[in-house]
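Working notes, structure below.
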Amino acid sequence: MGLSHEFELTDGIGLSVDFNYIYEYLRRHRYHNTSGADKDMGDTQYLNLELGLTGLWLEPTLGIERDLMADDGTYVNLELAHTFALIGDDDDPTLTFTPSIGQGFGDKHRTRGYDLAGDHGGLMDTTIKGEFEWAVCDHVALTAYIAYSDYWFDSKLRDGARAYNGAWGSSCDHSWTFYGGMGVTVSF
């Protein structure tokens, strides 16, 4: 559940604000974490705030996520992106491509909650992403993206990610990951 709005700051430049609440249900279970202790996994709630400057050639976005239950931690991500019109004009494109790079930071509660480090927060995931968006009609858009993430700047968090992922088997004992997704946006 959320609210979003874009404010016009100057001619052609805007500030987008998106605030949302997420309740996440996780099936109750216990798992063995990387520190050797059993840990309960339960429901959690998030408050998210995303601020972005639009209309610039390089558009910055600042995202802040606050976990209220699971780890009681805060995660902040700064992303820079640029959108290229592949089909159509810049004002009303049919198909766009948006490359971006982002850097995340987690406080010590967030890094502890992800079993990355128990004693400090730090620079978490660096993400490089490419996203396509196809405007099917005035009110429907399809998106697809692929991304690469790794812990480039903090060796302790990188080692924690390797240990955490290694619990799935020796072929998963790395800190990096590739992922992607698809989505549908309906606006009215």
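None of the figures in this text is laboratory data; all of them are computed from the coordinates on show. This is a predicted model, so every value here is computed, not measured. Don't worry about glycine lacking a Cβ; one is built from the backbone with ideal geometry, like all the others, and counts go over all protein chains shown.
Figures for the structure shown
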read-out: Whole-Å semi-axes of the stretch 122-175's equivalent ellipsoid (Cα gyration tensor); value: 34, 14, 7
read-out: Between 0 and 90°, nearest 10: helix 155-166 axis offset from the chain longest Cα axis; value: 80 degrees
read-out: Fully extended contour minus Cα-Cα distance, from ILE13 to THR98, at 0.36 nm per residue; value: 28.8 nm
read-out: Virtual spin-label span in nm between ALA163 and HIS109, 7 Å along Cα→Cβ; value: 2.3 nm
read-out: Nearest-20 debye value, the chain charge dipole, Cβ charges on Lys, Arg, Asp, Glu; value: 1060 debye
read-out: Within-12-Å neighbourhood charge of ILE146 [Cβ basis; K, R +1; D, E -1]; value: 0
read-out: Longest site-free stretch - the chain; sites: trypsin sites (Lys or Arg not before Pro), DSSP loop, at most 12 other Cβ within 10 Å; value: 29-188
read-out: Sites HIS139 and TRP176, calculated FRET efficiency, Cβ-Cβ separation with R0 35 Å, nearest 0.05; value: 0.40
read-out: The stretch 47-153: C-alpha gyration tensor shape, a/c 1.5 cut-off, then a/b vs b/c; value: prolate
read-out: Environment charge at LYS156 (Cβ cut-off 15 Å; Lys +1, Arg +1, Asp -1, Glu -1); value: -2
read-out: Separation in nanometres of the label points that stand 7 Å from Cα toward Cβ, at LEU78 and GLU24; value: 2.4 nm
read-out: The chain, Cα convex hull volume normalised per residue, Å³; value: 140 Å³
